[in-house]
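Some notes on the structure that comes next.
Every read-out reported here was derived from the displayed coordinates using simple, explicitly stated rules and does not represent laboratory data. Every value quoted in this text rests on a predicted model; they were computed, and no experiment measured them. Cβ sites come from the backbone with ideal geometry, for glycine too, and all protein chains shown count toward neighbours.
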Amino acid sequence: MLTHLLYKRYLVSSLRYNGFPQLPKIGYPKPRMSRGLYHAQFTLQRRWKSSTPISKVSQAANISPKSELKLSPSESTASSMDDIKRLLELARPESKSLIYALILIIISGAVSMTIPSVVGKLLDNAKKDEDDPEKDGLIFGLTENQFYGALGGVFVIGAVANMGRIIILKVVGEQMVARLRTRTMKAALQQDASFLDVNRVGDLISRLSTDANIVSKAITHNTSDGARAIIQGLVGFGMMSYISWQLTAVMALLGPPLVIMAMIYGRKIRTLSRELQTRVGGLTKVAEEQLSAMKTIQAYGGERKEINRYANEVRSVFRVGFREATTSGVFFGTTMFVGNTALLSLLFVGSSMIKSGFLTVGELSSFMMYAAYTGNSLFGLSTFYSELMKGAGAAARVFELNDRVPLIHPTRGKGPDSLENKVISFKNVDFSYPTRSTHNVFKNLNLTINPGEHVCIVGPSGGGKSTVATLLMRYYDVDTGSITIGGEDIRKFNLRKYRRKLGIVQQEPMLFNGSILDNITYTLPKEIASDQQRLAKAMADANCSKFIVQFPDGLNTMVGPRGAQLSGGQKQRVALARAFLLDPSVLILDEATSALDSQSEQVVAQTLTARAQRNQITISIAHRVSTIQYSSRVIVLSKHGHVAETGTYASLVKDPNSELNKLLSQQDGLVEEEQTTSEQEHTKDMIASS
């Protein structure tokens, strides 16, 4: 009770001291339930959870069980041997370096284990010299100067071996972290869109950084300490048995209790470590979300709310850390007490044996030092085991990401040779997002897009306009029906090769922290990226040449994180230039001109008209009249997930009862608003360019 109270008081005071003054006060802890009542309640909850079908639980939580990275209770309590085996497999490429490190550990350990024997011999020799002044004074057959010179040389060898061990293990650890992070990032980038729907970026970053570091430490430095402890323990136990088997028997009585304590502690610390890393991942998720939405938070005055929200996550991390610290403190305090008790017992028995003539002072001194080394090795082995369990807990989170098989495999299937002059068809498509499986976005959707068409898809909010682009890019697969290009189901295509044939520009384009040139030529083949004439034409088609030349560094101008140095219209034009430089057979524009001024929009419209003349397909998703009227055909989606009508803009506008007119009539003042927005965006572009 006292420890619990002190913990709560310390937690609140420390958080308030570190910038969280608005935390609620924490009173005295509530009376705890009896052990039997608590066990009964916990058992009832556990049985209820285990008896609830996972599909219903996931629907209630609005989460897809196939996509969420979360260890089940059975997995969190399972044996850690599989995780440990996989940990050791990670070190296989560095096995040669680890063997060298092991040899150096043996050398440095051997040097350390010579000290007790030397000290005992020196004490006995000093005692004999007092009793027999005529003795030659040789130590191990060497004169005093020779002995100390040889001993100094041995110590130098031990120091060099220890230095080499540290360097090798540090390098090996960095290599393993780099390889593990690369492998984990590769696994993350191959996941389907539903994976990121339920797994936040912050948690993935935590697995890539913190968990990977813990795994590497568990294999390299921790294994080194474990090997050193084993060597010292075996040598120490052997020398103790050689000096006095009676004292060794007394020492051996303490072994089994320590082993049992270490096993219990290791399992407990593994569970706590995994829980701690999960909490840290949650903390990182909240931080990532808050930093990404900083402008929105400040605009609505939500700083205090978000600080309290972050503080709650900090508290949850601290609680687990406190439990881990308490568990470690109890274990290591108990082992130290047992060790000190053992030393006192050895001194008591050893002193009696000296009086009886069974031992010399030097032999007892050597034995006590070997006993201390052996005790430290047992202590080191328990630490090794606990750190290994921490590594297993962190590895489980990393392996969970590495082992997840994407629902849509990125490299399986044949690659389409070309998408030119091929018809796109949605046939009887039903679709709902995995996180909202009870809500159908499309129900029996049928539409066809022919080569040479610039199709504009419009519809009410939530009607599935952007979902058409999402399904065509195959971020998700349809529930029923099919999407075909040239009569072939896109699910049969090699996904990576298929997407290289498409181009897409979104309303909020993603620009990377590099130069404008880097962003325009992103992932394009070298022969395309290096074609200056083609690059200049793409920039002109997107109407971005004018503002680029006004920058002092031109194409080498850095855009900043997410393109923060550019206005919204400038970012869209850079993204359009990227798509025009690729010149794909199928181009998808998802509100890609929403931030453009009227002049830029006219230039882009002319480019899209030229694409249609080359028999290429352009799919625009828009709500602006100025964008809709430039298309060759308009497809209107209903709120029920199917095509309400289709036709040219002119023919649909002439019909007063058309769905398009109904949509436009719902947008009061649309034209005036667009003109005002275009003028404001044009002004922003001029300011940003100056």
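Counting charges near Leu169 (Lys, Arg +1; Asp, Glu -1) among other residues having Cβ under 12 Å from its Cβ returns a value of +1. Listed from fewest to most Cβ neighbours within 10 Å, the set Phe331, Phe580, Phe337 follows the order Phe337, Phe331, Phe580. Taking the Cα centroid of region 208-246 and of region 517-581, what is the distance between the two, rounded to the nearest whole Å? Using only Cα atoms to place each centre, the spacing works out to 57 Å. Computed on region 83-403, with alpha-carbon pairs under 8 angstrom and 6+ residues apart, the relative contact order is 34 percent. Over region 424-689, one equal point on each Cα, no solvent: what is log10 I(q)/I(0) by the Debye formula at q = 0.14 Å⁻¹? Listed by q, the Debye log ratios stand at -1.02. Calculated on the alpha-carbon coordinates, the convex hull of region 83-403 measures out at 165 cubic angstrom per residue. Footprinting exposure proxy ranking of Asp124, Asp553, fewest other C-beta atoms within 10 angstrom first, gives Asp553, Asp124. The phi-based Karplus calculation (6.51 cos²θ - 1.76 cosθ + 1.60; θ = phi - 60°) puts the 3J(HN,Hα) values of region 290-303 at 5, 5, 5, 9, 4, 5, 5, 4, 5, 5, 9, x, x, 4 Hz, whole numbers, x for Gly and Pro. Near Arg614, once Lys and Arg are set to +1 and Asp and Glu to -1 for all other residues with Cβ below 11 Å from its Cβ, the sum equals -1. For region 394-409, 3J(HN,Hα) computed residue by residue from phi via the Karplus equation (6.51, -1.76, 1.60; θ = phi - 60°) reads 5, 5, 4, 6, 5, 5, 4, 6, 5, 7, 5, 8, x, 5, 10, 6 Hz, glycine and proline entered as x. Give me the net charge of Met558's neighbourhood, meaning all other residues with Cβ under 15 Å from the Cβ of Met558; Lys, Arg count +1, Asp, Glu -1. The answer is 0. Over all directions, the projected convex hull of the C-alpha atoms in region 131-287 averages 15.5 nm² in area.
Ranking of Leu381, Leu388, Leu102 by neighbouring Cβ atoms within 10 Å, starting from the fewest: Leu102, Leu381, Leu388.
How many lysine pairs in region 424-689, separated by 8 or more positions in sequence or lying on different chains, have Cα atoms less than 15 Å apart? Taking the Cα cut-off of 15 Å, the pair count is 11.
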